[in-house]
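Following: one structure in structure tokens, then a few remarks.
The values are calculated or read from the model by the stated rules, or taken from the named source; none is laboratory data. Not measured: the values here are computed from a predicted model. Here Cβ is always computed from backbone atoms with ideal geometry, including for glycine, and neighbour counts include all displayed protein chains. The protein model used for the area step is the full one, side chains on, heavy atoms only, and it has no ligands, DNA or RNA in it. Shrake-Rupley method; radii C 1.70, N 1.55, O 1.52, S 1.80 Å.
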Amino acid sequence: MEMEGIGMIALFAFLGLVALWLIFYFIPIGLWFSALVSGVRISLLQLILMRWRKVPPSTIVSAMIEGTKAGLHLNANELEAHYLAGGNVPNVVHALVSAQKASINLDFKMATAIDLAGRDVFEAVQMSVNPKVINTPPVSAVAKDGIQLIAKARVTVRAAIKQLVGGAGEETVLARVGEGIVSSIGSADSHKSVLENPDFISRVVLEKGLDAGTAFEILSIDIADIDVGKNIGAELQMDQANADKNIAQAKAEERRAMAIAHEQEMKAKAQDARAKVIMAEAEVPLAIAEAFRSGNLGIMDYYKLRNIQADTSMRENIVKPEGKK
């Protein structure tokens, strides 16, 4: 009986501890008291309802205490709504406090919009106070004299709070700066003038207003380094010369092939003519025989014809050079 009594007491004690934990979990009296002594007016019922809505009361209360101590007037319902929307409540409050200390015009609505847009609003406020330096990758450009220049720049930017929602990011700024560097170097008559006055690039690029539509304000563009690259103009001329040479060679080869074809054609015609002559000569004896049979050619006429042929052959042999006989 005594053991059963001890067991019952332990069970009741355990159940009492669980009930006490549940009470203090759903009724955060300590958190409510901390808010009360910090000057934050929030009801105990509201903290209990936060638990039911799965909003951590400590996050909301801590943010309200921070804002109240900094002189901000925050609303618990607005903070809770921002948390339920997936926002970072502590980060928003940090940003509001920093903006107030730095005299930057930033209200709660704008801060939450920037936070929900996926940007770090606290970092943006810090960047407004302490501008950020962005190093561009090496940008290659060619001056009018054909010499390639490789430039690196440092872009000092400051966050534009009002343009953080919907404004382009760092990649766009770097792309525009690179485009401006290429354009300014390409408009220079000589690469020497760019090397002598690198601030010429900065002036030309800044005049283009490259920060329009971005989340940043470009304060300065400083050329950190310029290297001389290849002689692109000479390489292009060499490539053009090689191309012209190849075209000329191709045309010459075409003309040679046409000449060979024409020569072969002439040889074929000559061979055809010789074949016709041989065929005609082969028909001469037949014609003589036919003349004998028909009585149109006598023996004396035939001998005269042979004598004429012999004399002609002798004269041809006398006239021909020795090597051609």
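Hey, any hits in segment 240-248 for a residue that's among the β-branched types (Val, Ile, Thr) and open to solvent by 50 Å² or more (accessible area, probe 1.4 Å)? Step through it out loud before you land on a result.
Of all residues in segment 240-248, those among the β-branched types (Val, Ile, Thr) come to 247.
Of the ones still in play, those that are also open to solvent by 50 Å² or more (accessible area, probe 1.4 Å) are 247.
Looking for residues that are among the β-branched types (Val, Ile, Thr) and open to solvent by 50 Å² or more (accessible area, probe 1.4 Å), one finds at least one in segment 240-248, hence yes.
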### Task
Go through (1) among the polar types (S, T, N, Q); (2) open to solvent by 90 Å² or more (accessible area, probe 1.4 Å); (3) over 30 Å from residue 142 (Cβ atoms) one by one and return the number of the condition residue 312 breaks.
(2)
### Query
Mind checking which residues of segment 145-196 are part of a helix (DSSP H, G or I), within 25 Å of residue 123 (Cβ to Cβ), open to solvent by 60 Å² or more (accessible area, probe 1.4 Å) and among the charged types (D, E, K, R)?
162, 171, 176
### Message
Among the listed residues 286, 236, identify the single one that is open to solvent by 70 Å² or more (accessible area, probe 1.4 Å), under 30 Å from residue 198 (Cβ atoms) and either part of a helix (DSSP H, G or I) or at pLDDT below 85 (or both).
### Response
236
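Being of a type in the set (S, T, N, Q), open to solvent by 30 Å² or more (accessible area, probe 1.4 Å) and at pLDDT below 85 is true for just one of 62, 43. Which residue is that?
Working: 62 fails: at pLDDT below 85.
Going through 62, 43 in turn, the sole match is 43.
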### Query
Quick one: would you say residue 136 is within 30 Å of residue 104 (Cα to Cα) and either of a type in the set (Asp, Glu) or surrounded by fewer than 18 Cβ atoms within 10 Å (Cβ to Cβ) (or both)?
no
### Message
Looking at segment 68-114 only, could you name the residues that are open to solvent by 20 Å² or more (accessible area, probe 1.4 Å), without any contact (Cβ under 8 Å) to a residue 40 or more places away in the chain, assigned to a helix (DSSP H, G or I) and of a type outside the set (S, T, N, Q)?
### Response
69, 78, 81, 83, 84, 90, 94, 97, 101, 108, 109
### Query
Tell me, which residue of segment 208-233 that is open to solvent by 30 Å² or more (accessible area, probe 1.4 Å) and outside any strand (DSSP E or B) is farthest from residue 142 (Cα to Cα)?
213
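Any residue in segment 193-216 that is closer than 30 Å to residue 97 by Cα and over 25 Å from the mean Cα position of the chain (by Cα)? Write out each step before concluding.
Applying the first criterion (closer than 30 Å to residue 97 by Cα) to segment 193-216 yields 211-216.
Imposing the further condition that a residue be over 25 Å from the mean Cα position of the chain (by Cα) reduces the set to none.
No, there is no match, as no residue in segment 193-216 is closer than 30 Å to residue 97 by Cα and over 25 Å from the mean Cα position of the chain (by Cα).
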